């Protein structure tokens, strides 16, 4: 039996990928909510993160629905939205690939030990 190579489409449908995207979104929300109060007379510029939160698009489902079209450069979202989603999903994909490789290595090691 050889290694099973998953496609990107299969990888982004794994629970591990979905969990990582959700964790990254949660971390982003926490960073934004815990940023320091601006100095007197100043304010934070409203960015895409703020607009997505107001439109209820700051969730895992919205990110997962749009990431494939973003990676294929077929998305109709604006640049800020694409960059935010792509950044989070790229990181989650890297972690998913690393986890997949780790699991394959564990499986390979188990097979080698049973052969010996």
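The values are calculated or read from the model by the stated rules, or taken from the named source; none is laboratory data. Quantities reported herein were computed from a predicted structural model and do not represent experimental measurements. No Cβ is skipped: glycine too gets one built from the backbone with ideal geometry, and neighbour counts run over all protein chains shown.
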Answer from 106, 95 - the residue that is outside any loop (DSSP other than H, G, I, E, B) and within 18 Å of residue 14 (Cα to Cα): 95
Residue that is modelled with the lowest pLDDT [pool: residues in segment 1-42 that are part of a loop (DSSP other than H, G, I, E, B) and touching a helix residue (DSSP H, G or I) at 6+ places or on another chain (Cβ under 7 Å)]: 3
Test for residue 9: is it free of Cβ contacts under 8 Å to residues at least 60 places away in the same chain and farther than 20 Å from residue 98 by Cβ: no
Members of segment 63-82 that are part of a helix (DSSP H, G or I) and free of Cβ contacts under 8 Å to residues at least 12 places away in the same chain: 65, 69, 79
